[in-house]
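> Dropping a structure here in structure tokens format, bear with me for questions.
The values are calculated or read from the model by the stated rules, or taken from the named source; none is laboratory data. Note that the structure is predicted; figures quoted are calculated from it, not measured. Backbone-built Cβ (ideal geometry, glycine too); neighbour counts: all protein chains shown. These area figures cover heavy atoms from the full protein model, side chains too; ligands, DNA and RNA do not enter into them. Shrake-Rupley method; radii C 1.70, N 1.55, O 1.52, S 1.80 Å.
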Amino acid sequence: MNEIQVTSGLLLAAALFMLGLIGVLIRRNIIFMLVCVEIMLNSAGLAFIVAGSKWTQPDGQVMFIFILTMAAAEVSVGLALILQIHHQLKTLDGDAANSMRG
Amino acid sequence: MQLTFYIAGAVAIISTIMVITRFNVIHALLYLVVSFMALAVVFFILGAPFAAALEIIIYAGAIVVLIIFVIMMLNLKEEAVDQEKKWLTPDVYVGPAILTIILLSELIYIISLGGASGVVGQVVDVKDVGKSLYGPYILGVELSGMLLMAGIVGAYHLGRKKKKVVHRFLEKIEE
């Protein structure tokens, strides 16, 4: 495990995180926004894996498993929210939810 | 061994760019699965085979299937039957197919090297991860169990449709 590999792994994680962030900013469909949040969480997990591989410790993979658990809980609640928004507002436009009352 | 890492990373970046530029949700999810598989190959090369398996099973398996189920439940109007026929044209699946063929050839190459010689760093196997997970991190495991419970309860509460009670005499029923 040389330094170049660690640098390129972290660069890959940063690039994927930026792509997810750009996706959240440019898309208005809430399903796309949820998918881009998943991409960002995944890139954070990649950074943990790279760091755990650098020091050959299992802690990186443990943190990845925690991120995975969090992503699963987040996507289930987020999809329930999407169902509710589509039921109430009849659209998937994220901007339409600013008129939500109560 | 460096080259396999860079190829898998390039496939991940290209498929993620395709995810955020698609207009159809299902096409984007197709590329999202490819992106997750490319990251699984990266994890394997970095010496984390357990994380690679979890990436495939939970991200590409469970989460994407959950999103597809919700898209099917929403039953979007503009996606009619005739559009479903148009979905299976080659230009939909040629892109993901090429990227997955790259990943498959890479995987075959790594397996043909045999053993752990395809891995760049030191392999951290499942035994160490399990010992660490149920040793120093046992509190985190319990907390993530509580988080999953909260997720189940929250998803049930939010996803439930409010039952509308229509009284026969007090309210006019549309017929």
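> Within the accessible area of the stretch A:1-68, what % is carbon and sulfur when the probe is 1.4 Å and the other protein chains stay in place?
Here carbon and sulfur together make up 77 percent of the probe-accessible area.
> With a cut-off of 8 Å between alpha carbons and a minimum separation of six or more residues, what is the relative contact order of chain A in percent?
Relative contact order, chain A: 26 percent.
> Can you give the mean number of other chain Cβ atoms that lie within 10 Å of the Cβ atoms in peptide A:41-47?
Shielding by partners across A:41-47 averages 4.
> Also, quick follow-up: For every other residue with a beta carbon closer than 14 angstrom to the beta carbon of A:GLY60, add +1 if it is Lys or Arg and -1 if Asp or Glu, then tell me the sum.
After counting each charged neighbour, the total is -3.
> Now, a different point. Using only Cα atoms, tell me the angle between helix A:3-26 and the longest principal axis of chain A; keep it within 0 to 90° and round to the nearest 10.
That helix lies at roughly 10 degrees to the long axis.
> So how strong a dipole does chain A carry about its Cα centre when Lys and Arg Cβ are +1 and Asp and Glu Cβ are -1, to the nearest 20 debye?
260
> Considering every residue in B:45-58, what mean count of other chain Cβ atoms within 10 Å of its Cβ is obtained?
The shielding value for this peptide is 5.
> With a 1.4 Å probe on protein heavy atoms only, work out how much accessible surface A and B bury together, total over both chains, in Å² to the nearest 100.
So the buried area, both faces added, is about 5000 Å².
> What is the stretch A:46-102's relative contact order, in percent, from Cα pairs under 8 angstrom and six or more apart in sequence?
18
> Could you please report the charge total around B:ALA28, scoring K, R as +1 and D, E as -1 over all other residues with beta-carbon less than 13 angstrom from its beta-carbon?
+1
> What does the helix-only formula give at 222 nm for chain A: each DSSP H stretch with n ≥ 4 adding -39500 (n - 2.57), the total divided by the residues, and the result rounded to the nearest 500 deg cm²/dmol?
-28000 deg cm²/dmol
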